[in-house]
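Read the structure below first, then the notes.
Taken together, the values in this text are just the output of simple stated rules run on the coordinates, not laboratory data. Predicted model, so just to flag it, every value in this text is computed and none were measured. Positions of Cβ are backbone-derived with ideal geometry, glycine not excepted, and every protein chain shown enters the neighbour counts.
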Amino acid sequence: MEKWFNVGKIVNTHGLRGEVRVISKTDFPKERYKVGNILTLFLPKAEAPIELKVKSHRSHKNFDLLTFEGYDNINMVEKFRDGILKVPESQLGKLKENEYYFHEIIGCSVVTVAGEELGTIKEILTPGANDVWVIKGDKGKEILIPYIEDVVLKVDINEKLVTIEPIEGLLS
């Protein structure tokens, strides 16, 4: 059975010519939304997903705006609202060393070099220069770990284990 990965959510239409507003969930919007690419739309109450071919892509404010071949006006795309755009695992490309897909990191346990267990990575924030991994601590407290070389020393995807060296103030 094919595994699917979320690349974005259609949150609204934009204009009258079939453009949709997408909140992106991918680190690679230029690749994922490239003209000619196939995205699969999963709608909340639909029986089957819909294959869509990207006709155009542009960024506007904090959104990615897409149009799809064969869907040229607002009336045709209104039904796509709240749909999730996904790609199959076969479309995931190879990453460089020390690069990871979100689904590989989320769910990893985090320990310090001293052996202290901090919790599990539940979310990844992408605020700017570097990603921030959100750990759900054992005591319910959230711990924010910047994904930088000085802090994240080792990532073992197979063991689902991340080893960090906390910088001053990180755990307080």
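Give, as a single signed number, the net charge of other residues whose beta carbon lies under 13 Å from the beta carbon of residue 43, with Lys and Arg counted +1 and Asp and Glu -1. Let's see the in-between values first.
Details: positive: 9, 45, 79, 81, 86; negative: 47, 51, 78, 82.
Once all neighbours under 13 Å are counted, the net charge is +1.
Only Cα pairs under 8 Å and at least 6 apart count here; give the relative contact order of the chain as a rounded whole percent. Each step should come with its number before you reach the end.
On the way: 335 pairs, mean separation 30.8, N = 172.
Value for the chain: 18 percent.
Give the distance, in whole Å, between the Cα centre of region 1-55 and the Cα centre of region 87-102.
Each part's Cα centre sits 18 Å from the other's.
Just from its helices, what would the mean residue ellipticity at 222 nm be for the chain, if runs of 4 or more DSSP H residues each count -39500 (n - 2.57) and the sum is divided by every residue, rounded to the nearest 500 deg cm²/dmol? Walk me through the numbers on the way to the answer.
On the way: 3 runs with 12 residues, N = 172.
The helix contribution divided over the chain gives -1000 deg cm²/dmol.
Suppose each label sits 7 Å from its Cα in the direction of the beta carbon; what would the residue 38-residue 129 distance come out to in nanometres?
It is 4.2 nm.
Longer than 20 Å from Cα to Cα, which of 96/136; 3/96; 86/154; 45/86 are they? Say none if no pair is.
Values: 96/136 27 Å; 3/96 22 Å; 86/154 29 Å; 45/86 16 Å.
In this structure, 96/136; 3/96; 86/154 exceed 20 Å between Cα atoms.
Distances longer than 21 Å among the Cα atoms of region 4-91: what percent of all pairs is that?
Working: 691 of 3828 pairs.
Of all Cα-Cα distances in region 4-91, 18 percent exceed 21 Å.
What residue among 142, 99, 78 shows peak mean-square fluctuation when the chain is described by a Gaussian network model with Cα springs under 10 Å?
Among 142, 99, 78, the largest GNM mean-square fluctuation belongs to 99.
Residues in region 150-165, backbone N under 13 Å from the label point at residue 171 (7 Å along the Cα-to-beta-carbon vector): list them, ranges by number please.
Flagged as within label range: 163-165.
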